[in-house]
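A quick write-up on the structure given underneath.
Read-outs: derived from the displayed coordinates by stated rules, not from any lab. Predicted model only: the values in this text are computed from it and were never measured. For neighbour counting, all protein chains shown are included, and Cβ atoms are generated from backbone atoms with ideal geometry for every residue, glycine included.
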Amino acid sequence: MVPAVAQAGPVFSANGRIPLGIESFRLQPADQPFYLIASAENPEFDGLYRVTDPSGHDRLMNAHDERIRFYPARVQFRLTASSREKLLDDRPFDAHAKIDVDELITKLRFRVKVFHALEYRYIKPAYVDNIGLPSDVPYDERIYRIGFDLGRIPIEDRVVMEVISPTGERLCKFHLDLL
């Protein structure tokens, strides 16, 4: 166990799920709003917390008070893409594609970008499952389960899931910040 000087704070996780955030958009030129909301899932996330060691460095600990040195080898992201309602009352980001919003949210692509200092690499999804209505059924919301085999990534590295439009535009990034 790493001796703690002070509790740095919990990593918010409910049943192994960590919320990553929400972004709102306006598809142009169609002038249609939509939003993306994401979380990361792995049973190993449950009970994580941060402590500050005597040298002032933050450390990530699991529910058994053991120091975590690597991300889980496999992480699943859940992403909801919806045009059902205006979820945020802010100024949405513009996204550009000559398609309608229903086609856009049905054909999203994903990748993970792993940063080690200034170097980075991409990881393709091991799987992408549509867990809502089938994509051939017209609907204003899609829910994806995206799995990545990360391998052995040090916890000090940064893991970012990127959401890519069907036209190749990177819409947004969701950071999985544990430390």
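Before moving on, here are some points about what is shown:
- Two-site label geometry, Asp94 and Asp136: point separation in nm, points 7 Å out along Cα→Cβ: 3.7
- Mean residue ellipticity, 222 nm, helices only, the chain: the sum of -39500 (n - 2.57) across DSSP H runs of n ≥ 4, divided by residue count and rounded to 500, is -1000 deg cm²/dmol.
- Under the combined filter of DSSP loop state and at most 11 neighbouring Cβ atoms within 10 Å, the range 96-157 retains these trypsin sites (Lys or Arg not before Pro): Lys98, Arg152.
- Rounded to whole Å, sorted largest first: equivalent-ellipsoid semi-axes of the chain, Cα gyration tensor: 34, 16, 15
- Taking the chain as a Gaussian network of alpha-carbon nodes connected by springs under 10 Å, the highest mean-square fluctuation of the residues Phe34, Phe70, Phe25 belongs to Phe70.
- Straight Cα distances below 18 angstrom link Lys98 to the aspartates and glutamates Asp31, Asp140, Glu169, with same-chain residues fewer than 8 positions distant left out.
- Proximal aspartates and glutamates relative to Lys173, as straight alpha-carbon distance under 12 Å, when same-chain residues fewer than 8 apart are discounted: Glu23, Glu162
- Inter-site label distance for Ala30 and Asp46 at 7 Å from Cα along Cβ, in nm: 3.9
- Spin-label model distance (nm) - Ala73 vs Asp177, 7 Å beyond Cα toward Cβ: 2.9
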